[in-house]
Amino acid sequence: MTDIGARLREQGIRLTSTAPGRHYATCPQCSAKRKGSHRSAKVLGVTIDHNDANWGCNHCGWTGSINLLRGNGATDRAISSLTTMLTNTASCSFKNAAVPASGFGSGVPTAKAIG
């Protein structure tokens with residue numbers, strides 16, 4: 001079975017320790033694109049339990065998770081890739097989402113580019 005550290009390294013996440021708990025690292029998605037001293041800022045929070053890890057970047061919003069009990073990790077990579085794609089391209093907002101007295105909303109979801 002692959003250890004949690006190896007699975008995090010597959011995602012580009014480099015930690016000094018893989019002990020259970022909360023850790024911080026540079027983000028493989030955005031840190032290299034940042035200016036000067038900000039490149040080394042540890043903006044990626046990683047929480048490790050015994051069989052899984054969850055992470056989220058406080059700068060670009062990239063999130064993901066891995067679980068050692070779910071097999072080969074293909075699902076994790078697909079979810080992480082999809083999350084990255086959605087985070088980097090668009091967000092969903094609702095217009096006129098108030099619920100009228102009839103109980104049905106007239107809100108229509110619209111995509112808004114992030115940029």
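The values are calculated or read from the model by the stated rules, or taken from the named source; none is laboratory data. Here the structure is a predicted model, which means the values were calculated and not measured. Here the Cβ positions follow ideal geometry from the backbone for every residue, glycine too, while neighbour counts run over all protein chains shown.
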Self-check item: Conditions (1) modelled with pLDDT under 60; (2) on the phi < 0 side of the Ramachandran plot; number of the one not met by Asp3
Solution: (1)
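Report, by residue number, each residue of the range 1-21 that is free of Cβ contacts under 8 Å to residues at least 12 places away in the same chain and in a loop (DSSP other than H, G, I, E, B). Let's see the steps before the verdict.
Step one: list which residues in the range 1-21 are free of Cβ contacts under 8 Å to residues at least 12 places away in the same chain, which gives 6, 9, 16-17.
Answer for the range 1-21, where residues must be free of Cβ contacts under 8 Å to residues at least 12 places away in the same chain and in a loop (DSSP other than H, G, I, E, B): Thr16, Ser17.
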Quiz item: Looking at (1) assigned to a loop (DSSP other than H, G, I, E, B); (2) more than 15 Å from Gly12 (Cα to Cα); (3) not basic (Lys, Arg), which is the one condition that is false for Cys27?
Solution: (2)
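Yes or no, residue by residue, for (1) within 15 Å of Ile4 (Cβ to Cβ); (2) exposed (fewer than 13 other Cβ atoms within 10 Å of the Cβ); (3) modelled with pLDDT of 90 or more:
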residue: Leu15; (1), (2), (3): yes, no, yes
residue: Thr18; (1), (2), (3): yes, no, yes
residue: Thr26; (1), (2), (3): no, no, yes
residue: Gln29; (1), (2), (3): no, no, yes
residue: Ala32; (1), (2), (3): no, yes, no
residue: Lys42; (1), (2), (3): no, no, yes
residue: Gly45; (1), (2), (3): no, no, yes
residue: Ile48; (1), (2), (3): yes, no, yes
residue: Asn54; (1), (2), (3): yes, no, yes
Practice problem: Take Ile66 and decide whether it is in contact with a Pro (Cβ under 6 Å, 6 or more places away or on another chain), crowded, with 17+ Cβ neighbours inside 10 Å and not hydroxyl-bearing (Ser, Thr, Tyr). | Solution: no
